[in-house]
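Student: Sharing a structure, written as structure tokens. Questions coming.
The values are calculated or read from the model by the stated rules, or taken from the named source; none is laboratory data. This one's a predicted model, so the numbers in the text were calculated from it and none came from an experiment. Cβ: placed from backbone, ideal geometry, glycine included. Neighbour counts: every protein chain shown. Just the protein is used for accessible areas: all its heavy atoms, side chains included, with ligands, DNA and RNA removed. Shrake-Rupley method; radii C 1.70, N 1.55, O 1.52, S 1.80 Å.
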Amino acid sequence: MSTPSPIALTGIFLVIIGVLSGLPYLKGGLFLDSHEADVYHLLDISFRMTDGQMPHLDFATPLGILAFSPIVAFLKAGLPFGAAFMASQLSLALLLLPFVVYAASSRLPYRQSAVFGGIVFALVLILTYLQASSGVTVAMHYNRWSWAVAFVALLLAFVPPQGVARPKLDGVLIGVLAFALMLTKMTFFVALVPAMVAVLFVRKQRVAVGVALGVGVALIALTIPILGVDFWNAYVADLLNVTGSDVRPHVGLPLGEMVSGAQYIGATLTGVAAAMLIRRADHDALGLVVFALLLPGVIYVSFQNFGNDPTWLLFLAFLVLAYRPKTGFATVMGVDLRGAMNVISLVAVLINLPSLYTSALSPIEHFAFDESRFMPFLDDPAHNDLFVRRDRAHLMTATIALDDAPGVWEKYREDAGRSDIPEVAGVQFPMCELGAGSRAYMSEVAAQLVTDGIPAGSQFFSTGLLSAFWLYGDFAPLKSGAPWYYGDLTGLENADYVLIPKCVYVERVRRLMIADLQNANTPLTLLHDNALYALYEVR
């Protein structure tokens, strides 16, 4: 087993970082052709923070401040959004560089070290959201960033060093990385830290556990003078709000489907097989931690992430390889154990290969885009390096319920299990769900508000998942509101108007929000009723 040189690895990783981050810069802008709605939420939060607002205190979100602060730092430095986002990814990759070099060079042989680092930096720098058919987007970037940080922390915790043990250094690095997960996406922290703590005890690394805990507590203490105690209280409140919400308890398949559904049973069985083989290699306690804590943790993270791709399989491949015994140590069903573990590692990679392949190609795909097919994402010339595909921006296609209207189809409503059509102050809202065209939608609603004479600086509570109309008009973001609806009518008390769109991006959410308004006996007076929305004054 060849021991990798930290200097050589640093050189390799800098080349990888240079290629993956350089291609978007050479394109001269950030061109997106997927998941524009999520980008609006990212813009909403980033611009709020640039104006001095604080997550959780000034607006609701279950995501941590570190998911956005790197972008905001470059926006405050004067960069347009596209350049700011790309610079934030590059800065994160460079910040992770020493962590990755130390973790990989101290735990893995040379080739595995290079591949591991390549995967980590790809997770940071790609332009997609980790699914086989994702397209080029910056949506849900925090999931990629969190997986990258988690992979490094998991490697430090689960795999023993090849040479001299440095438990204090390991503890410091694990503590810093766990803290970063806590302030990026709490799901990763809650789901993965128990497995890391348990495996460190199994490996008799109590010093590392103590140091990691001390570093974590110290870092939290350091944030209090900067962010305040109220920040942490509000963060917890936002997290509890989401966990109890009917809107977003999860964003994909039910948990049972994630574990045993046809699309994911291969990943689950690969994880179980990996734990069994690690135990067969005479690591009983470690195999138990993998089975009882790590596997449920990574599956839960995937369950909470949009797309539900089992990205964790990439780490599992390195974990299995790290605990292979020598040839001839034991057999499994007549197959040499080392060879069987090689096969499981390969299977783990192959299951995730479609997502890995698409993700790796995203910077190249972005570079090859025909710019003539794109248009500016925003009207603001200060952010003229962010582009959206013109056809997607203006593709006004909707799904409607034909049986909502009187006529030939109405008699089938009961058999179809349709719920009653929501009605607010005499205005009915039949099912109408948009599939694309978010830029046209945002722009037209903002223009209609101006036509209707709505004063500048007005704040809106909107019963749709896209509500940042202030990005296209001289309005204000809703104080204490949520860029994405999480329940509890967040920010309604500060709204000048309630805006209920006639066609929305998630019909189920509009129904839930209307029901919440009605259950709260919110006094609404109808001001305008047009093809785009019904607008109500809040009394």
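Student: Which of the three applies to segment 210-329, rounded, prolate or oblate, going by the alpha-carbon gyration tensor with a ≥ b ≥ c and a/c under 1.5 meaning rounded? Could you put the intermediate results ahead of the total?
Tutor: Working: a/c = 3.36, a/b = 1.42, b/c = 2.36.
Taking the square roots of the gyration eigenvalues as a ≥ b ≥ c, segment 210-329 is oblate.
Student: Summarise the accessible area of segment 235-375 (1.4 Å probe, protein heavy atoms) by the percent that is carbon and sulfur. Don't skip to the end; give the middle numbers.
Tutor: Details: 4320 of 6460 Å².
Reported share for carbon and sulfur atoms: 67 percent.
Student: Give the lysines whose C-alpha is closer than 17 Å to that of Lys502, dropping any in the same chain fewer than 8 places away, or say none.
Tutor: Candidates past the 8-residue exclusion: nothing left.
Student: So, with a 1.4 angstrom probe, what is the percent of accessible area on segment 448-490 that is carbon and sulfur? Intermediate results must be reported in sequence, preceding the final value.
Tutor: On the way: 710 of 1470 Å².
C and S atoms contribute 48 percent here.
Student: If amide H atoms are built 1.01 Å from N in the plane of the peptide, which residues on other chains or at least 5 residues away come under 5 Å of the amide H of Cys432?
Tutor: For Cys432, whose amide H was placed from the backbone, the distant partners under 5 Å are Val504.
Student: Using only DSSP helix segments of four residues or longer, with each worth -39500 (n - 2.57), what per-residue ellipticity at 222 nm results for the chain after dividing by its residue count and rounding to 500?
Tutor: Details: 20 runs with 286 residues, N = 539.
Per the formula, -17000 deg cm²/dmol.
Student: Per-residue HN-Hα couplings for segment 468-479, Karplus 6.51 cos²θ - 1.76 cosθ + 1.60 at θ = phi - 60°, whole Hz, x for Gly and Pro?
Tutor: Coupling constants for segment 468-479: 7, 5, 5, 6, 10, x, 7, 10, 10, x, 5, 4 Hz.
Student: Once you place label points 7 Å from the Cα toward the Cβ at Ala425 and Asp452, how far apart are they in nm?
Tutor: 0.9 nm
Student: Keeping every protein chain in place, order Asp309, Asp420, Asp370 by accessible area at 1.4 Å, biggest value first, i.e. largest first. If you can, show how the numbers build up before the last one.
Tutor: On the way: Asp309 30, Asp420 130, Asp370 75 Å².
Listed by decreasing accessible area, they come as Asp420, Asp370, Asp309.
Student: On to the next question. Using θ = phi - 60° and the Karplus form 6.51 cos²θ - 1.76 cosθ + 1.60, what ³J(HN,Hα) does each residue of segment 411-425 get, whole Hz, x for Gly and Pro?
Tutor: Whole-Hz 3J(HN,Hα) from phi for segment 411-425: 5, 9, 4, 5, 5, 7, x, 5, 8, 5, 6, x, 9, 10, 6.
Student: Can you give the net charge of the other residues whose Cβ lies under 15 Å from the Cβ of Ser355, counting K and R as +1 and D and E as -1? Could you put the intermediate results ahead of the total?
Tutor: Details: positive: Arg144; negative: Asp309, Glu365.
Taking every other residue near Ser355 into account, the sum is -1.
Student: Ok, one more. What net charge do the residues around Leu130 carry, taking every other residue with its C-beta under 11 Å from that of Leu130, with Lys and Arg at +1 and Asp and Glu at -1?
Tutor: Working: positive: Arg144; negative: Asp309.
Counting the neighbours of Leu130, the net charge comes to 0.
Student: Roughly speaking, what is the stretch gain from Ile220 to Arg166, that is 0.36 nm per residue apart minus the C-alpha to C-alpha distance, in nm to one decimal? Intermediate values should be presented prior to the final figure.
Tutor: Details: separation 54, 0.36 × 54 = 19.44 nm, distance 2.40 nm.
Contour length minus Cα-Cα distance gives 17.0 nm.
Student: Quick one: which residues, 5 or more positions from Ala534 or on another chain, have an amide H under 5 Å from its amide H? H modelled 1.01 Å from N in the peptide plane, none for Pro or chain starts.
Tutor: Ile500, Lys502
Student: Could you pull the Cα extents of segment 19-133 along its three principal axes, largest to smallest, in whole Å?
Tutor: 47, 31, 29
Student: Could you rank Lys27, Lys479, Lys502 by how accessible they are, 1.4 Å probe, largest area first? Before the final figure, lay out the partial values.
Tutor: On the way: Lys27 25, Lys479 120, Lys502 50 Å².
Heavy-atom accessible area, descending, gives Lys479, Lys502, Lys27.
Student: So what does Val506 come to for accessible area, using a 1.4 Å probe and Å² rounded to 10?
Tutor: Its heavy atoms expose roughly 50 Å² to the probe.
Student: Can you pull the one-decimal nm distance between simple spin-label points at Asp380 and Asn521, each 7 Å off the Cα toward Cβ?
Tutor: 4.0 nm
Student: So, one more: Can you compute the FRET efficiency between Asp391 and Phe367 using 1/(1 + (r/R0)^6), with r the Cβ-Cβ distance and R0 = 22 Å? Round to the nearest 0.05. Please list the in-between numbers first.
Tutor: Numbers: r = 20 Å, r/R0 = 0.91.
The pair Asp391/Phe367 has a calculated efficiency of 0.65.
Student: Note down the net charge around Gln263, summing +1 for each Lys or Arg and -1 for each Asp or Glu among other residues with Cβ under 14 Å from its Cβ. Write out the running numbers ahead of the final one.
Tutor: Working: positive: none; negative: Glu257, Asp309.
Result for the local shell: -2.
Student: Once label points are set 7 Å from the Cα along Cα→Cβ at both Leu353 and Leu213, what is their separation, rounded to one decimal in nm?
Tutor: In this crude spin-label approximation the distance works out to 4.4 nm.
Student: Sticking with this structure for a sec: Please compute the length gained on full extension between Leu14 and Asp496, using 0.36 nm multiplied by the number of residues separating them and subtracting their Cα-Cα distance.
Tutor: Details: separation 482, 0.36 × 482 = 173.52 nm, distance 5.10 nm.
The span from Leu14 to Asp496 would gain 168.4 nm if fully extended.
Student: For Trp312, Trp484, give me the order by solvent-accessible area with a 1.4 Å probe, most accessible first, ignoring ligands, DNA and RNA. Provide the component values of the computation, followed by the final result.
Tutor: Values: Trp312 15, Trp484 65 Å².
Correct descending sequence by accessible area is Trp484, Trp312.
Student: At q = 0.12, 0.22 Å⁻¹, what is the base-10 log of I(q)/I(0) for segment 266-354 according to the Debye formula with one equal point scatterer per Cα and no solvent? Please give it to two decimals.
Tutor: Taken in order of the listed q values, log10 I(q)/I(0) reads -0.34, -1.02.
Student: Take every Cα-Cα distance within the chain, group them into 10 Å bins from 0 onward, and report for each bin the whole-number percent of pairs it holds.
Tutor: P(r) for the chain, in whole percents per bin: 3, 17, 27, 25, 16, 9, 3, 0, 0.
Student: Can you tell me the accessible area per residue over segment 155-279, all protein chains present, probe 1.4 angstrom, in square angstrom? If you can, show how the numbers build up before the last one.
Tutor: Working: 5670 Å² over 125 residues.
Value returned for segment 155-279: 45 Å² of accessible area per residue.
Student: In addition: Can you give me the angle between helix 313-322 and the longest principal axis of the chain, using Cα atoms only, in degrees from 0 to 90, rounded to the nearest 10?
Tutor: Approximately 10 degrees, to the nearest 10.
Student: What percentage of the solvent-accessible surface of segment 90-144, computed with a 1.4 Å probe over protein heavy atoms, is contributed by carbon and sulfur atoms?
Tutor: Details: 1000 of 1410 Å².
Carbon with sulfur: 71 percent of the solvent-accessible area.
Student: Further question on the same structure: Under a 1.4 Å probe, what is the accessible area of segment 282-335 per residue, stated in Å²?
Tutor: Working: 2210 Å² over 54 residues.
On a per-residue basis, 41 Å².
Student: Accessible area per residue, 1.4 Å probe, Å², for segment 437-514: what's the number? Write down the numbers at each step before the final one.
Tutor: Working: 2450 Å² over 78 residues.
Accessible area per residue, segment 437-514: 31 Å².
Student: Is the shape of segment 439-510 rounded, prolate or oblate, going by the alpha carbon gyration tensor and its root eigenvalues a ≥ b ≥ c, with a/c under 1.5 for rounded and a/b larger than b/c for prolate?
Tutor: On the way: a/c = 1.86, a/b = 1.18, b/c = 1.58.
Cα axes put segment 439-510 in the oblate bin.
Student: Give me the lysines in straight-line cross-link reach of Lys326: C-alpha distance below 28 Å, same-chain residues under 8 apart excluded.
Tutor: Lys204
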